[in-house]
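Student: Can you keep this structure in mind? I'll have questions shortly.
The values are calculated or read from the model by the stated rules, or taken from the named source; none is laboratory data. This structure is a prediction, so every number in the text was calculated from the model and none was measured. All Cβ positions, glycine included, derive from the backbone under ideal geometry; neighbour counts span all protein chains shown.
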Amino acid sequence: MKNHSLRVISRLFLIAATSTQLSAVTTEWVYHKTDDGSHPDGNEQQLVWLMNRARANPAAEGAFLSASGDPGIVNGINFFRVNMTTLQSEFNALAAKPPGAFDRRLYEGSKAHSQYLITNDVQDHTGQFDRITSAGFSFTAASVSVYSYSASALQAHGALNIDWGSGTADGVQTGRGHRSAIMSGGTSFWSNVGFAMLPDNDINTGVGPLVFSGASEFLIPPHHSERLTDLSRDHSRSSALICNELRSKTTLVVSGKVQRSFRG
């Protein structure tokens with residue numbers, strides 16, 4: 001009789017514990033998509049997926065960039081004469097990092113900046129940090145990138161993570177700022193990201209066909225499992241603001257529009 005009672009109590013305890021665990025995960029972190037559920041769209045999801053895959057296995061990412069076969073990536077590698085041996089060595093040396101999470105506030109700031117780039121037919125960072133804070137995101141550290149002349153999400157990812165550019169012996173930008181934002185390099189963990197790719201097929205503008213703006217930010221604590229409450233807290237903005245600047249001269253013709261591989 002005593003053993004039977006213990007079994008009943010044990011079963012009740014297990015049921016109660018299971019019920020508590022289930023109720024703890026029913027709250028949704030609402031910042032992972034826009035209110036209407038339309039973003040991240042296909043291109044933006046691909047950018048987040050490519051970023052997180054790269055962070056999980058940097059050495060494999062280096063090999064992927066070398067053999068992707070994407071015309072835009074191949075064009076950039078050849079134009080800037082990227083030293084692929086050096087590139088692979090650098091990726092081999094990177095440590096794996098945790099994934100980043102899409103944040104709709106950063107997306108809204110990036111979307112507003114991409115729209116600014118299209119309206120003014122430019123590629124620059126003017127007002128980019130202000131657009132992030134205006135969208136309701138206060139950060140500890142931030143890194144922003146722009147690419148006004150992208151052909152696809154894959155090509156944009158390759159250009160940014162290779163970080164090609166002129167003026168160096170290895171065909172890669174000094175500092176590797178874009179790559180650091182993607183791979184979560186340096187001392188900060190870029191935990192929250194907002195990527196926006198807006199189409200522009202107006203033949204009277206130089207930007208397009210896809211105009212990319214991205215923001216990678218750091219919040220404390222950098223654990224996605226704790227973000228249900230922590231992400232909504234107001235963290236003070238620091239001076240750790242990084243504008244990733246790149247310029248180039250190579251051109252591609254994509255969908256009837258000249259696509260220049262200028263990036264910033």
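Student: Which one is farthest from the chain's Cα centre (by Cα), of the residues in the range 154-175 that are surrounded by fewer than 19 Cβ atoms within 10 Å (Cβ to Cβ) and in contact (Cβ under 8 Å) with a residue 60 or more places away in the chain?
Tutor: 169
Student: A follow-up question, please. In contact with a Pro (Cβ under 8 Å, 6 or more places away or on another chain), over 19 Å from residue 70 (Cα atoms) and either in a helix (DSSP H, G or I) or not acidic (Asp, Glu) (or both): is that true of residue 94 in this structure?
Tutor: Taking the combined requirement at face value, the residue satisfies it.
Student: List the residue pairs whose Cβ atoms are under 7 Å apart, where the first residue sits in the range 187-214 and is farther than 30 Å from residue 94 by Cβ and without any contact (Cβ under 8 Å) to a residue 24 or more places away in the chain, the second is part of a strand (DSSP E or B) and of a type in the set (A, V, I, L, M, F, W, C), and the two are 6 or more positions apart or on different chains.
Tutor: Pairs that qualify, where the first residue is farther than 30 Å from residue 94 by Cβ and without any contact (Cβ under 8 Å) to a residue 24 or more places away in the chain and the partner is part of a strand (DSSP E or B) and of a type in the set (A, V, I, L, M, F, W, C), are 199/210.
Student: Which residue, of 101, 142, 151, 112, is surrounded by fewer than 22 Cβ atoms within 10 Å (Cβ to Cβ), among the hydrophobic types (A, V, I, L, M, F, W, C) and modelled with pLDDT under 95?
Tutor: 101
Student: What residue, among those in the range 176-206 that are of a type outside the set (A, V, I, L, M, F, W, C) and under 11 Å from the mean Cα position of the chain (by Cα), is nearest to residue 57 (Cα to Cα)?
Tutor: By that ranking, first place goes to 184.
Student: Which condition does residue 11 not pass, out of (1) at pLDDT below 80; (2) exposed (fewer than 10 other Cβ atoms within 10 Å of the Cβ), if it passes all the others?
Tutor: Residue 11 satisfies all of (1) at pLDDT below 80; (2) exposed (fewer than 10 other Cβ atoms within 10 Å of the Cβ) except (2).
Student: Another question about this same structure. Take residue 91 and tell me if it is of a type outside the set (S, T, N, Q), without any contact (Cβ under 8 Å) to a residue 40 or more places away in the chain, within 22 Å of residue 190 (Cα to Cα) and buried (at least 19 other Cβ atoms within 10 Å of the Cβ).
Tutor: Yes: the conditions hold for residue 91.
Student: I need a count of the residues in the range 178-203 that are assigned to a loop (DSSP other than H, G, I, E, B) and surrounded by fewer than 19 Cβ atoms within 10 Å (Cβ to Cβ).
Tutor: Final tally of qualifying residues: 5.
Student: Taking the condition surrounded by 14 or more Cβ atoms within 10 Å (Cβ to Cβ), modelled with pLDDT under 95, assigned to a loop (DSSP other than H, G, I, E, B) and at positive phi, does residue 136 pass?
Tutor: Spelling it out, residue 136 is indeed surrounded by 14 or more Cβ atoms within 10 Å (Cβ to Cβ), modelled with pLDDT under 95, assigned to a loop (DSSP other than H, G, I, E, B) and at positive phi.
Student: Please work out which one of (1) assigned to a loop (DSSP other than H, G, I, E, B); (2) of a type outside the set (A, V, I, L, M, F, W, C); (3) on the phi < 0 side of the Ramachandran plot is the condition residue 119 fails and give its number.
Tutor: Here residue 119 meets the rest and fails (1).
Student: Follow-up. Could you list, in sequence order, all residues of the range 33-52 that are closer than 12 Å to residue 161 by Cα and either in contact with a strand residue (DSSP E or B) (Cβ under 8 Å, 6 or more places away or on another chain) or loosely packed, with under 15 Cβ neighbours inside 10 Å (or both)?
Tutor: The answer is 47, 51.
Student: Just one of (1) surrounded by fewer than 16 Cβ atoms within 10 Å (Cβ to Cβ); (2) touching a residue at least 40 places away in the same chain (Cβ under 8 Å) trips up residue 130, so point out which.
Tutor: (2)
Student: Please verify whether residue 132 is over 22 Å from residue 180 (Cβ atoms) and hydrophobic (A, V, I, L, M, F, W, C), treating the condition exactly as stated.
Tutor: In short, no.
Student: Hey, does the range 140-163 have a residue that's in a helix (DSSP H, G or I) and more than 17 Å from residue 73 (Cβ to Cβ)?
Tutor: no
Student: Moving to a separate point now. Pairs needed: first member in the range 47-66, part of a helix (DSSP H, G or I); second member anywhere, aromatic (Phe, Trp, Tyr); C-beta distance under 7 Å; at least 6 residues apart or different chains.
Tutor: From the range 47-66, the pairs are 47/195; 48/102; 48/195; 58/91; 59/91; 61/91; 62/91.
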